[in-house]
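J.: Have a look at this one.
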Amino acid sequence: METVGQDSCGGADAARGTEWRPAPEARVHFRVTRFIMEAGVKLGMQSIPIATACTIYHKFFCEISVDAYDPYLVAMSSLYLAGKVEEQHLRTRDIINVSNRYFHPGSETLELDSHFWALRDSIVQCELLVLRVLRFQVSFQHPHQYLLHYLISLKNWLNRYSWQRTPISITAWALLRDSYHGGLCLRFRAQHIAVAVLHLALQAYGVEVPAEAEAEKPWWQIYTMDTEIP
């Protein structure tokens, strides 16, 4: 698969760690992106804005050392910024309250005191920092539209029994969501990620595409041609 973006973004995670344990930075980013996903769901965000928030977060730490800023503050600002980018605006108060309950389960809603306003100012200032570091390039093409197109096409290609007895669609979407725990979204084209998770889902359940053995090219090469979905 053709790579895009910086080679250091998400590609060196395994190299910096041992063969059986991810690097410390990768473990931090995994935990923080898990927070982004869970907080995004609680905030009522759709899948695309959550994916944008994860991508903003990963892209920021491609430019900046993870020790330079609080990753969770960057994550909160990424959620706030992603809501603007994808036109699903969020209130900073909601982000703060959801985050507070995430870190302190069962806690009460924060009072509008000096601590609250300091958190709010930190999120806003961090958002401006993220925009400057990323040079205001915060709009991304995600694999979701490609995966939806591929699943519809594949459903018509496979026989009905094979499709109904295996959760290929659910698994592919879950794999795509999990891919945002790392920097794959910055290293590969959106259509390549989409076809990769679909290929893995098919392999997981041992489903073969009809007439693949007789075809001149593997089925996935049809999907990875440089075409855009309108």
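The values are calculated or read from the model by the stated rules, or taken from the named source; none is laboratory data. This one's a predicted model, so the numbers in the text were calculated from it and none came from an experiment. When we count neighbours, we look across all protein chains shown, and the Cβ atoms used for this are built from the backbone with ideal geometry, even at glycine. Keep in mind that these areas ignore ligands, DNA and RNA; they rest on the heavy atoms of the full protein, side chains included. Shrake-Rupley method; radii C 1.70, N 1.55, O 1.52, S 1.80 Å.
J.: Only residues in the stretch 83-100 that are under 17 Å from GLU38 (Cα atoms) and touching a residue at least 40 places away in the same chain (Cβ under 8 Å) count as the first member; pair them with residues that are in a loop (DSSP other than H, G, I, E, B) and polar (S, T, N, Q), Cβ under 7 angstrom, at least 6 apart or cross-chain, and list the lot.
T.: From the stretch 83-100, the pairs are GLN88/GLN46.
J.: Given the structure, is VAL66 at pLDDT 95 or above and of a type outside the set (Phe, Trp, Tyr)?
T.: Answer is no for this residue.
Condition check ((1) in a loop (DSSP other than H, G, I, E, B); (2) surrounded by 14 or more Cβ atoms within 10 Å (Cβ to Cβ)) across all residues:
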site: GLN88; (1), (2): yes, yes
site: VAL98; (1), (2): no, yes
site: ARG101; (1), (2): no, yes
site: GLY106; (1), (2): yes, no
site: PHE116; (1), (2): no, yes
site: ASP121; (1), (2): no, no
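J.: A further question follows. Looking at the stretch 54-65 only, could you name the residues that are within 19 Å of GLN125 (Cβ to Cβ) and either open to solvent by less than 30 Å² (accessible area, probe 1.4 Å) or in a helix (DSSP H, G or I) (or both)?
T.: Answer for the stretch 54-65, where residues must be within 19 Å of GLN125 (Cβ to Cβ) and either open to solvent by less than 30 Å² (accessible area, probe 1.4 Å) or in a helix (DSSP H, G or I) (or both): ILE56, TYR57, LYS59, PHE60, PHE61, GLU63.
J.: Report yes if ALA174 is surrounded by fewer than 17 Cβ atoms within 10 Å (Cβ to Cβ), closer than 23 Å to ARG34 by Cα and at pLDDT 90 or above, otherwise no.
T.: So ALA174 fits the description; yes.
J.: Output the residue which, of all residues in the stretch 134-161 that are crowded, with 17+ Cβ neighbours inside 10 Å and part of a helix (DSSP H, G or I), is nearest to the chain's Cα centre (by Cα).
T.: This residue is HIS144.
J.: Now for a separate question. What's the number of the only condition in (1) modelled with pLDDT under 50; (2) open to solvent by 40 Å² or more (accessible area, probe 1.4 Å) that THR3 fails to meet?
T.: (1)
J.: Scan the stretch 135-174 residue by residue and report those that are hydrophobic (A, V, I, L, M, F, W, C) and closer than 18 Å to ALA190 by Cβ.
T.: Of everything in the stretch 135-174, those that are hydrophobic (A, V, I, L, M, F, W, C) and closer than 18 Å to ALA190 by Cβ turn out to be VAL138, PHE140, LEU147, LEU148, LEU151, ILE152, LEU154, ALA172, TRP173, ALA174.
J.: Pull out all pairs, ordered by first then second residue, where Cβ-Cβ is under 6 Å, the residues are six or more apart or on different chains, the first lies in the stretch 50-73 and is more than 10 Å from LEU134 (Cα to Cα) and touching a residue at least 40 places away in the same chain (Cβ under 8 Å), and the second is among the acidic types (Asp, Glu) and assigned to a helix (DSSP H, G or I).
T.: Note: pairs meeting the criteria are VAL66/GLU25.
One line per residue, one yes/no per condition, for (1) in contact with a Lys or Arg (Cβ under 6 Å, 6 or more places away or on another chain); (2) modelled with pLDDT under 95; (3) farther than 30 Å from VAL74 by Cα; (4) not polar (S, T, N, Q):
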{"residue": "LEU129", "(1), (2), (3), (4)": "no, no, no, yes"}
{"residue": "PHE136", "(1), (2), (3), (4)": "no, no, no, yes"}
{"residue": "HIS142", "(1), (2), (3), (4)": "no, no, no, yes"}
{"residue": "HIS149", "(1), (2), (3), (4)": "no, yes, yes, yes"}
{"residue": "ILE152", "(1), (2), (3), (4)": "no, yes, yes, yes"}
{"residue": "ASN159", "(1), (2), (3), (4)": "no, yes, yes, no"}
{"residue": "ILE168", "(1), (2), (3), (4)": "no, yes, yes, yes"}
{"residue": "LEU184", "(1), (2), (3), (4)": "no, yes, no, yes"}
{"residue": "ARG187", "(1), (2), (3), (4)": "no, yes, no, yes"}
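J.: Out of all the residues in the stretch 12-53, which are open to solvent by less than 80 Å² (accessible area, probe 1.4 Å) and modelled with pLDDT under 50?
T.: Within the stretch 12-53, ALA12, ASP13, ALA14, GLY17, THR18 qualify.
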